[in-house]
Structures are given as C-alpha cells and as structure tokens.
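What follows is a short report on a single structure.
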Amino acid sequence: IYPASDAESQQAAVVAGLEVLVREEAIREGEDGYRLQSPQEKDWEKTRRRRELKTGDFNRLLREKHLPAILRGIVAAAGVGFKRQFKIEALYDDERILEGEVPLRIYEGGEDQIQRAIQRSRESAHENDVFLVLARSDTTWRYAEEVFRSQEVIKDAEARSLQEGETELLHEERKRYERHVRDLERALAEDLLNGSLIFRGNTEALAGKDIRSALATAMAAHLAAIYTRLDEWTAPVSRRDAVDLLRADDLAGVPDYLRDAGLRIVKVEADGNKIDETGPVAQFLAAVKERVDYGSEPPGKYLESHFQRPPFGAELDVVMVVAAACVRAGLVRVAQGGSWLTSRTDAR
C-alpha cells in the first residue's frame, strides 16, 4: 500500500485490484479479509456467477425492498405558524410501494423517461404528483447483481440438504448479502440524489448530500401549490377539542387556535361567543350540500377523505372539530345506527 515511506498511498489501486481478483474468482472475500479459494468454494462461486440479473429482477429488487428502505418515513412539512407534516407516498413505475399523502412517482431511465414525466406532470390527473427520474449507474447495477446472486444462492441452499462445509459457506453468503445490500442502497441513494425532480412540467435538481433530507425539502417546496387552503385548515387541535366544542356550556373558554388567528371556528359578537359560519365551517357545509344534492347524505369517512385531499390538506382531528362546530350551530344533523341524534351532548 505504501511503496516507500515518502510515497503516496496505493490503497485505491490495491482495492481495485482485489475487486478484479474477486470477480475473476482468483480469491474470495470473507468477513476476515481475502483468501485463496478451496475447490468447494470455487464450485459455490461458479454456481453463484451463473445467476444473471435481468431488468425485471432489478426492478423487483428496487420495488420490493431497497427503494422502500431508503424512502420509508420521509415527511414534508408545510404551513404558516403551525406546521402540518405530510407522509410521502412512493410509487415506482406507477406501482405503489409506500403509503402516504403526497405522491412521489419514481421512474428509472434517461431522457425518454424525463420527457414522459414532464408530460404526465402536466396532466390534470397528476398535477399534484411529484416525479423523480433516476439514471441507474453502473455501480448500482453491479451491486444489485451481487445482491441478486446472493439471494438466489441462499434460496437454493436453504431448499436442499447441505454437504459438508456448505453450512459455513451459507453463513458467509448471508454476511456477503448484507454487505452488498448496504452497498446497493448507498449507490441507489446517490442515483436518486442525482436524479431529475419534476413538478407541473418544471424540472429541478435535488440539493444536498442526503437523499432523505433533500427529498423532504424539495417536496415541502411544492406543498403550498398543492394544498392552497392548508393554512385555513391547519391548527394544533386534538380530538378532545371536538368533544369540548360540542358539550361546553359556553364557548368563551375555547383555545385561541379555534378563533380568528387559527381555524376561525369561534368568533366574538356583541351577545357573546358564537360559531363562525364562514371559512372552514362554510366549506364543510358546501361539501355536505354537494353530496345531498346528488341524493345521498355524506358519511364521516367521505368528509374525512374530502378534506384531507387537496386543496385542504386537513388532519382528521381538524375535520372533526369543524364538524363539531357545524353540529353545535345546528347547521347539520347527525345519524348513527339508523337513528338521528337530537342532542349535541348525546354520547353517541
């Protein structure tokens, strides 16, 4: 590694040389370093090398394990004052791989896929979707191939009776699999970070060195355009607020985030505190009326879903508080179990 005391390190060249020797099956990489191979190890390696990764296998690896592992739990925050957090819904080639609220559609490919994403992002059906096109690097393909080979040889070994010495080889293969998974996910994250982000026909680059924080920041930048009424429907409410709003004898004690500076649920007039029938309350009534005009009374699940979608982006507890305000003001009736509830203090 150091040819002389005053020479530069040759470590990079040594590592590259070792990788070549491993690929050519001259030596074997194990947990304790590199070594020459036994005849049994050579046979194991030959069997392993016969497994060829195809594009379909690559896409399956990304879809079933490695993209979800990289993207799981990413949230984007938006809102003035109180921040509302949105989970990212990930789709790979239009197949959902993670549940969430804001769609991130990932395509793999070159300029053709970028143009495809640009065109789709301009369609009304996808105007609230964010697209990310990644160009697969040779490094990512090589690590994916190693992961695939390890998976296949492990699966084969676990399905048959092992010969003497193969138990240790299987143990080493599992360790090798874990090592290559880490390598693949690092390389894949780098490809994602170098990809093209597309929203409503506009293309941009991700900024930063960490794919999770870079995506969270980029997605957050587009939330205001997706949820144009988010600030009207965001507040630090709890489910208890809905119950209190229904049952309180006087609205004077409601928290400030239900008043003008927050959800605009309660207002002060000359004769006391009253439900504000403008703003979110009016929008809630409009959603109810729309369904009634079509001949059906909207169930709670419909209203929850309606106000969680764009342009509102409301959390469930916020929808419940607005619904409670409408009930208290006598603007809507509530049915449960086939009977109408006549009192706002009814436990049902």
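The values are calculated or read from the model by the stated rules, or taken from the named source; none is laboratory data. This one's a predicted model, so the numbers in the text were calculated from it and none came from an experiment. Quick reminder, even Gly has a Cβ in these numbers, built from the backbone with ideal geometry, and neighbours come from all protein chains shown. Note: areas computed on protein heavy atoms with side chains; ligands, DNA, RNA excluded. Shrake-Rupley method; radii C 1.70, N 1.55, O 1.52, S 1.80 Å.
Summary of computed values
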quantity	calculated
In Å², nearest 10: area of Met320 left accessible to a 1.4 Å probe	70
Proximal charge balance of Tyr257 [Cβ under 12 Å; K/R count +1, D/E count -1]	-2
Cα-derived Rg to Rh of region 201-348, Kirkwood definition	1.06
Glu158 accessible area, assembled protein chains, probe 1.4 Å, Å²	110
Cα-based convex hull volume of region 50-192 per residue, rounded to whole Å³	138
Local net charge near Leu18, Cβ-Cβ under 12 Å (Lys/Arg +1, Asp/Glu -1)	0
Counted charge near Arg84, where neighbours are those whose Cβ lies closer than 12 Å (Asp, Glu -1; Lys, Arg +1)	-2
Gain in span if fully extended, Arg49 to Arg35, counting 0.36 nm per residue against the direct Cα distance	3.2 nm
Per residue value of the accessible surface for the chain (all protein chains in place, 1.4 Å probe), Å²	54
Nearest-20 debye value, region 203-348 charge dipole, Cβ charges on Lys, Arg, Asp, Glu	400
Mean Cα-pair separation over length for the chain, i.e. relative contact order, pairs under 8 Å, 6 or more apart, %	13
Solvent exposure ordering (accessible area, 1.4 Å, most first) of Tyr2, Tyr257, Tyr107	Tyr2, Tyr257, Tyr107
Distance in nm between pseudo-label sites at Gln11 and Arg179 (7 Å out along the Cβ direction from Cα)	1.7
Sum of -39500 (n - 2.57) over DSSP H runs of 4+, divided by residues of the chain (222 nm, nearest 500)	-14500 deg cm²/dmol
Accessible-area value, Thr234, 1.4 Å probe, nucleic acids and ligands omitted, Å²	20
Long-range Cα-Cα pairs in region 187-236 (distance over 19 Å), rounded percent	37
Accessible surface of the chain [probe 1.4 Å, protein heavy atoms]: carbon and sulfur percent	48
Over 19 Å (Cα to Cα) - which of Lys274/Lys301; Lys65/Lys175; Lys65/Lys155 fall in this group	Lys274/Lys301
Charge dipole (debye, nearest 20) of the chain; +1 at Cβ of Lys and Arg, -1 at Cβ of Asp and Glu	880
